[in-house]
Structure formats: structure tokens, C-alpha cells
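Accompanying notes for the structure given below.
The values are calculated or read from the model by the stated rules, or taken from the named source; none is laboratory data. All figures in this text were calculated on a predicted structure; none of them were measured in a lab. Every residue, glycine as well, gets a Cβ built from its backbone with ideal geometry; the counts of neighbours run over all protein chains shown. These accessible areas exclude ligands, DNA and RNA; they are computed on the full protein's heavy atoms, side chains included. Shrake-Rupley method; radii C 1.70, N 1.55, O 1.52, S 1.80 Å.
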Amino acid sequence: APLDRIKILFQTHNADFRRFSGSRRGVVDAMRLIVKTQGFRGLYQGHTLTLARAIPHAAIGYTIYEQTSRILIPTRESQTPFKRFLAGAITGISAMPFTYPFELIRVRMAIEMKSYSHRPSPWNAIRTIWAEGRAHSLLPALHFYRGFTVSALGTVPYRG
């Protein structure tokens, strides 16, 4: 979890972490800054959402994979690498609409760099995303799916 948070901070070019990116000791120095400004718990900021997403994602995934496999691969003889790939891809994409909002909230929490007194919560992230959605759309819930298409396209080869 700490390395994932630092990866997100580097990827988003967070102003506080640009100086660490690309250096030999960048990860260690970034961890020190997080512990110094947010405490040890700051290393795990957003990790709760990763855990909360894992259970429904796995449950949906296993259920859909079983059903898809029965349809695409009814017998052992009909099994091919392409059919297994297709079953996995369908499974990955099917679980995403239910679990993708967790991912967006998790990343929002991971990029937040406030001090001890202002620890981000999932509820604050949800309120912020909802308010941004209301400002730009008649359907603010769709704001929880920004980046969904790109993630879905990346899921096909990964899960397939």
C-alpha cells in the first residue's frame, strides 16, 4: 500500500513529490515526507478502499467467470486459449461498473497531501466528486466513472 500511494503521487506529478521522482532515493525520501507530515497512517491513505473494493470485485468476478465459462466452454474438449481469454475479459469488464467508483475514491484519497489534522476520508472524497459532477453535468453520479473506458480497455488484456 505505501508503494502504491507513492506511485500515484509520482504519476500525478504532485507538487510535493516532483523533487523525489526519478532520484535514487526518491521512494525512501517520499515515504519520510509522508510520515513526517501525515504520520505513519499516511502511508496507507486510501488503502481501506482497496480492501473494500476487493471483496465485491472477487465475488462478482468468480460468479461471472463461472457462468461465462459454462456458456463458452461447456466441455473440456471445447476449451481453447481464446475462449479462456474471452471468459476472463468478460469477467473483468463485468465487475468494473460495480467497483470502479471505489478506485476513483481511493486515488483521490491517495493524492491528498494534508497534514495530521486534516486526514481525508472516503466521505469527503465522495462529496467532492459529487459536487464536481453537479457542477458539470445533470447526472453527477457519472462523475464517479471518469476514466472508466480507459480502465476497461486495459482490463481486457490483463484479465483475459
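Points worth noting:
- Spin-label model distance (nm) - residue 73 vs residue 98, 7 Å beyond Cα toward Cβ: 2.1
- For residue 20, the solvent-accessible surface computed with a 1.4 Å probe is close to 20 Å², ligands and nucleic acids excluded.
- The string of couplings for the stretch 38-55 from the Karplus curve (6.51, -1.76, 1.60, θ = phi - 60°) is 10, x, 4, 4, x, 5, 9, 4, x, 5, 4, 5, 4, 5, 5, 7, 4, 5 Hz, one whole number per residue in order, with x for Gly and Pro.
- Sequence of 16, 29 from largest to smallest accessible area, 1.4 Å probe: 16, 29
- Rh by Kirkwood over Cα pairs, then Stokes-Einstein D for the stretch 16-80 at 1.567 mPa s and 4 °C, µm²/s: 82
- Accessible surface of the chain, 1.4 Å probe, proportion on carbon and sulfur as whole %: 63
- Sequence-separation-based contact order of the chain, relative, with Cα cut under 8 Å and 6+ spacing, percent: 26
- Each Lys or Arg adds one and each Asp or Glu takes one away; over the other residues whose Cβ falls under 14 Å from the Cβ of residue 71, this sums to +2.
- Per-residue HN-Hα couplings for the stretch 56-67 [Karplus 6.51, -1.76, 1.60; θ = phi - 60°; Hz; x = Gly/Pro]: x, 4, 5, 4, 5, x, 5, 5, 5, 4, 4, 5
- Sum of side-chain charges, residue 90 neighbourhood, beta-carbon under 14 Å (Lys, Arg +1; Asp, Glu -1): +3
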